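The values are calculated or read from the model by the stated rules, or taken from the named source; none is laboratory data. Keep in mind that what you see is a predicted model, and the values were worked out from it rather than measured. Cβ placement follows ideal geometry from the backbone for every residue including glycine, while neighbour counts extend to all protein chains displayed. When the accessible area is computed, the model is the full protein with side chains, heavy atoms only, and any ligands, DNA or RNA have been set aside. Shrake-Rupley method; radii C 1.70, N 1.55, O 1.52, S 1.80 Å.
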There are 2 protein chains.
Amino acid sequence: MREVAILGIGQTPVDEHWEKSLRELAGNAVLAAMNDAHIPVDVVDALYVGNMMSGALSKQENLGALIADWVGLKGVEAAKIEAACGSGAAAMRTGIMGVASGMMDCVVVAGVEKMTEGLPAEVTASLATAADADYEGAQGLSFVAINALVMRRYMHEFGWKHSDFAPFSINAHANGVNNPNARLQEAVTEKDYTNARMVADPINLLDASPTGDGAAAVILVPADRVHTSGRPIITVAGSALATDTVAVHDRKDPTWLEAAAKSAQKAYAQAGIGPRDINIFELHDAFSIMSALSLEACGFAERGQGVRMGLDCQIDLKGRLPISTMGGLKARGHPVGATGVYQIVEVVQQLRGEAGANQVENARIGMAQNIGGSGAAIATHILKIKE
Amino acid sequence: MREVAILGIGQTPVDEHWEKSLRELAGNAVLAAMNDAHIPVDVVDALYVGNMMSGALSKQENLGALIADWVGLKGVEAAKIEAACGSGAAAMRTGIMGVASGMMDCVVVAGVEKMTEGLPAEVTASLATAADADYEGAQGLSFVAINALVMRRYMHEFGWKHSDFAPFSINAHANGVNNPNARLQEAVTEKDYTNARMVADPINLLDASPTGDGAAAVILVPADRVHTSGRPIITVAGSALATDTVAVHDRKDPTWLEAAAKSAQKAYAQAGIGPRDINIFELHDAFSIMSALSLEACGFAERGQGVRMGLDCQIDLKGRLPISTMGGLKARGHPVGATGVYQIVEVVQQLRGEAGANQVENARIGMAQNIGGSGAAIATHILKIKE
């Protein structure tokens, strides 16, 4: 099994890209990544696309072939990989297997979602397909409503009040200010957070990540083929995906992300490290509650104490474990099928020292965790600078 | 890179399964395959699901986690793979990479499509998402209409008349009669073919495959871990997926399946064989024209002469190259995202000698080719009996 390196990264701003088609949006990210990797088109063996809703919103499937053709890769192997909001990281998994197996020497992994293509009600309905259609969706539960139930339960179980979650939102927004690709480049205060409009009690507008159009891409190659050229070589030290029930009510404990714990433990074991070795963590802060649950499942905080990491100022750029360093889903934005690839791109930016004003000092090992559904499919990736 | 074996197979009849949910349908095939392989649930590392339209028709994405949970595999890695009607074979590709890489020791690959869940107009619209939404779909071209244009052009270029395509349909239906899992278990005559109702000129009802609900599954393991137990060990000798433009009008020649040729050549090279060594061929006869084009692209017939193989009785069970041996898409049925896995299952049935009344004598090497879109994403798999 070969070690895999990330040779190039690319992304588009997360925004309302009315002027760009789905293929153009994805293509822009792919071409940026290929340019960053300095590779010609003829070395690429495959393109894997993380995407969730193109069929429903853009009336377009077969994205693999479509995007491959647009970027000049016609002929290569290509497919779309879907695991709801975890589609981006799921596509990473296939790309990594392709290169690790020796079957491929160069794979492009892209994530793309064009959400402004649908009417708001269509987008809400389509997001609900991440949940259990028969037992959650059919009861009228929207995706945010499910997360609201989980957050309310968590608050009840562990005695937190809504304002205790504020640091997650404030930190993400503060980091989004300096990220030109972020959907929301504006800081928010605790007062803004408290006064924000309610979406699904207790989740208000500043607990919820904004959707949007966006695409990100990475180039994967065998690590032993990469030559240093002034910038660090970033390798995949750990990679795992685990699942749980899709319906939250089927779990023994709705406030525990078993699939996050499982995939993180696998990734730690592969990398030969533990939570203390992680310098930055791009977690899946689609809703504030998910930040707390992710921190706990990955071993950074005790059960029910993830919120405290925010209150104790451990999560900002100078904290013990900087999270959402480029704005996270909350401020960079959450184009669902693309999000997992954005996270990988951002970890690479940090490890390369290319994170600009948001650079975390001495970041050598970074982790990304992408969640599909309300904890149903969770992938964890650990990246590091090659020694 | 490890050699991959297919340890178990499972399938449901292709039918209108009103009484079964999507997860139950897929689950039945997965459980049948696990039972056939005699493996317990705790050895399975991952489940990859080929599916195209669950989001649009069943309002359900995140199928990987959903189905894994239903069959008792909660926790394993899981994702959905989509390449339009080629989704099943695309899922096979990810499963093969998982086992070949050494990252996984046992992978379940399932294909499922529940098409009766949607209204006919919804199904037609959803099938059109396999085509180019901006340049074909937006012009009102349905998927069958695109194939009709290709068939008309082929007839014009090479001088064939409509009735020359009859043997493809007659052969498939004849083979479907003895397959209890086939959607259409009735023979048709040349007269039936000629008199069939027109769908999209020149494609009539007996040129077109029926859709339906169906699921199929296979169990992949490293070949060196399989012990003989009376039945032959079936291995993956070749596996490749290639792409082309999604829009047919973007190709130099609409009557040539470049991605079929490319993926077949790769698979032949991996297997160290050529077209003459193939004993049976499960091709993608979604429409009669696709049978002809597939035979030509894979080197079984000269350009424009694929039709002749039917007229010369080379494609039936006792012919030089039996195709659609269990009914093909035409009679077994075409539950789109499941089809590629049905094909693999049927090749295994033939190689194991379990094809019943449709058994092809001395079948030792079989090929399956699954097409996504009108030739946009094509995967070719070559299976053989391990020596």
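Structure values in brief
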{"read-out": "Qualifying positions in segment A:252-262 - under 14 Å from residue A:377 (Cβ atoms) and either assigned to a loop (DSSP other than H, G, I, E, B) or touching a His at 6+ places or on another chain (Cβ under 9 Å) (or both)", "value": "A:257, A:260"}
{"read-out": "Filtered residues of segment A:182-235 (kept if under 25 Å from residue A:289 (Cα atoms), open to solvent by less than 10 Å² (accessible area, probe 1.4 Å) and not in a strand (DSSP E or B))", "value": "A:182, A:193, A:202, A:207, A:212"}
{"read-out": "Where residue A:121 falls short, out of the listed (1) assigned to a helix (DSSP H, G or I); (2) modelled with pLDDT of 95 or more; (3) among the small types (Gly, Ala, Ser)", "value": "(2)"}
{"read-out": "Condition check for residue B:261: more than 19 Å from residue B:111 (Cβ to Cβ), within 14 Å of chain A (Cβ to nearest Cβ), open to solvent by less than 10 Å² (accessible area, probe 1.4 Å) and touching a residue at least 60 places away in the same chain (Cβ under 8 Å)", "value": "no"}
{"read-out": "Helices (runs of 4 or more DSSP H) within segment B:273-387 that include 2 or more residues open to solvent by 20 Å² or more (accessible area, probe 1.4 Å)", "value": "B:306-311, B:336-352"}
{"read-out": "Matching residues, segment A:132-154, being farther than 25 Å from residue A:307 by Cα and assigned to a loop (DSSP other than H, G, I, E, B)", "value": "A:132, A:133, A:134, A:135, A:136, A:140, A:141"}
{"read-out": "Selection within segment A:340-358 - out of contact with any strand residue (DSSP E or B) (no Cβ under 6 Å at 6 or more places or on another chain) and within 21 Å of residue A:183 (Cβ to Cβ)", "value": "A:349, A:354, A:355, A:356, A:357, A:358"}
{"read-out": "Residue within segment A:144-160 that is of a type in the set (Asp, Glu) and in contact with a Gly (Cβ under 7 Å, 6 or more places away or on another chain) present", "value": "yes"}
{"read-out": "Residue satisfying all of: in segment B:1-21; under 15 Å from the mean Cα position of the chain (by Cα) and assigned to a loop (DSSP other than H, G, I, E, B); surrounded by the fewest Cβ atoms within 10 Å (Cβ to Cβ) among these", "value": "B:13"}
{"read-out": "Pairs with Cβ under 9 Å, 6+ apart, first in segment B:2-16 and touching a residue at least 40 places away in the same chain (Cβ under 8 Å), second among the aromatic types (Phe, Trp, Tyr)", "value": "B:11/B:342; B:14/B:342"}
{"read-out": "Pair list, Cβ under 7 Å, 6 or more apart: segment A:362-386 residue touching a residue at least 60 places away in the same chain (Cβ under 8 Å) and within 14 Å of chain B (Cβ to nearest Cβ), other residue in a loop (DSSP other than H, G, I, E, B) and of a type in the set (Asp, Glu)", "value": "A:375/A:244; A:376/A:244"}
{"read-out": "Meets criteria (open to solvent by 10 Å² or more (accessible area, probe 1.4 Å) and basic (Lys, Arg)) for residue A:80", "value": "no"}
{"read-out": "Residue within segment A:55-73 that is assigned to a strand (DSSP E or B) and either surrounded by fewer than 24 Cβ atoms within 10 Å (Cβ to Cβ) or in contact with a strand residue (DSSP E or B) (Cβ under 7 Å, 6 or more places away or on another chain) (or both) present", "value": "no"}
{"read-out": "Residues located in segment A:96-115, provided they are closer than 20 Å to residue B:63 by Cβ, over 12 Å from the mean Cα position of the chain (by Cα) and more than 8 Å from chain B (Cβ to nearest Cβ)", "value": "A:113"}
{"read-out": "Residue in segment B:99-109 that is touching a Leu at 6+ places or on another chain (Cβ under 8 Å), part of a helix (DSSP H, G or I) and within 30 Å of residue A:99 (Cβ to Cβ) present", "value": "yes"}
{"read-out": "Flag if residue A:282 is in contact with a strand residue (DSSP E or B) (Cβ under 9 Å, 6 or more places away or on another chain), within 13 Å of another protein chain (Cβ to nearest Cβ) and among the acidic types (Asp, Glu)", "value": "no"}
{"read-out": "Top-ranked residue of segment A:57-95 - restricted to ones that are touching a Phe, Trp or Tyr at 6+ places or on another chain (Cβ under 6 Å) and more than 7 Å from every other protein chain (Cβ to nearest Cβ), ranked as farthest from residue A:3 (Cα to Cα)", "value": "A:91"}
{"read-out": "Candidate set from segment A:24-54 (those that are among the polar types (S, T, N, Q) and part of a helix (DSSP H, G or I)); member that is farthest from the other protein chains (Cβ to nearest Cβ)", "value": "A:35"}
{"read-out": "When residues of segment A:132-147 are limited to those that are more than 14 Å from chain B (Cβ to nearest Cβ) and in contact with a Ser or Thr (Cβ under 9 Å, 6 or more places away or on another chain), the one surrounded by the fewest Cβ atoms within 10 Å (Cβ to Cβ)", "value": "A:144"}
